[in-house]
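The values are calculated or read from the model by the stated rules, or taken from the named source; none is laboratory data. Quick caveat, the model's predicted, so the values are computed rather than measured. Neighbour counts are summed over all protein chains in view; Cβ atoms, including those assigned to glycine, are modelled from backbone coordinates with ideal geometry.
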Amino acid sequence: MKKTLKKFILIVAVILVIILGVLFYKFKISEKEFMVKQYFDINSEILLSTIKEDNINAMTLSLILSQNEDIKKCLLSQDRHFCYTTLNNYIDILSKIPLYQNIMLHTHTSELKSLVRSWNYDKFGDDLTKFRHTLLEVKNSKKSVYGIEAGRCGVFIRGISPISYDSKFLGSLEVMLDFNHLDTIAKRRGYDIFVLVDQKYFSECFQRNSLVKNYAILNESSANLNILTTLKKFDFENEEFAKINSNYFYKIELYDIKNNKIGFIILHFNNDKVENSISKLMRY
């Protein structure tokens, strides 16, 4: 009888240890996922704040350049060669600053047609009124604007300012920044990002980019394409946060200047990097 009781107690004790072990394991997993989610929450705020700052920087720079006498001369003379040379001279100077490393400049006529694109001398004269609503806003208000907008050559952070001479509207100057600056921040803080834009905003400049569902990867040249297959399993249209195998994913919705959702920024890191990434979180 005593042996049976001892055996019963031993079995119960083993079962309790197993149950407690399972509960503890689940607790640790839950605790880890909570910290990962917290890590992503904080970094998403940093990215959104950076995008806002980049928008303001683009507008500020466009405003400064719009007051430049060479830029005004460009619009007054409509001398495309002079305009192209002038724009690229300023790009050579500005590109030494990390934020402006891939900067592009675009001048528009008073009729809202392309005058000179700094990256493509041969493409000009196209009417931009049908899809570049910010240009019409600048012309009507005579004030600078900024925001994310889809154009003929992709989706960019844009700052646009009017150019005037003797109170006459000559056209506008646009500063265009890509999203590579965000890659630098992400890598420094220990995670990857994918900037995804809905394929309906596809243009000639990124129509060959890799797709994730119906979204193009804008930062394909710097993105971690080794996890592309796993990324495609993340239901980012309906989920904010997910763990797939050893990978964690988190999504930020991306909106344009008119508050239209145009895509997502996906944050990612691998489980092997979690401890290091969380330790980085605690230092900020």
Next on the checklist: Yes or no: region 98-111 includes at least one residue that is surrounded by fewer than 14 Cβ atoms within 10 Å (Cβ to Cβ) and not in a loop (DSSP other than H, G, I, E, B).
Outcome noted: yes
Checklist entry - Before we move on, is Asp122 of a type in the set (Asp, Glu), on the phi < 0 side of the Ramachandran plot, not in a helix (DSSP H, G or I) and not assigned by the TED database to the domain that holds Ile262? => result yes
Next on the checklist: Arg188 - would you say it is free of Cβ contacts under 8 Å to residues at least 60 places away in the same chain and in the same structural domain as Leu47 (by the TED database)?
Outcome noted: yes
Item to check | Any chance Leu61 is within 20 Å of Ile148 (Cβ to Cβ), crowded, with 20+ Cβ neighbours inside 10 Å, modelled with pLDDT of 95 or more and touching a strand residue (DSSP E or B) at 6+ places or on another chain (Cβ under 6 Å) | outcome: yes
Checklist entry - Taking interchain pairs and intrachain pairs at least six residues apart, which have beta carbon atoms under 9 angstrom, with the first residue in region 59-77 and assigned by the TED database to the domain that holds Leu87 and the second among the polar types (S, T, N, Q) and part of a helix (DSSP H, G or I)? => result Asn68/Thr86; Asp70/Thr86; Asp70/Asn89; Ile71/Thr86; Lys72/Ser66; Lys73/Thr86; Cys74/Thr86
Checklist entry - From Leu136, Leu128, which residue is of a type in the set (A, V, I, L, M, F, W, C), surrounded by fewer than 17 Cβ atoms within 10 Å (Cβ to Cβ) and either more than 24 Å from Leu225 (Cα to Cα) or outside the structural domain of Asn226 (by the TED database) (or both)? => result Leu136
Item to check | Single unsatisfied condition, Gly151 versus (1) farther than 30 Å from Lys72 by Cα; (2) modelled with pLDDT under 90 | outcome: (1)
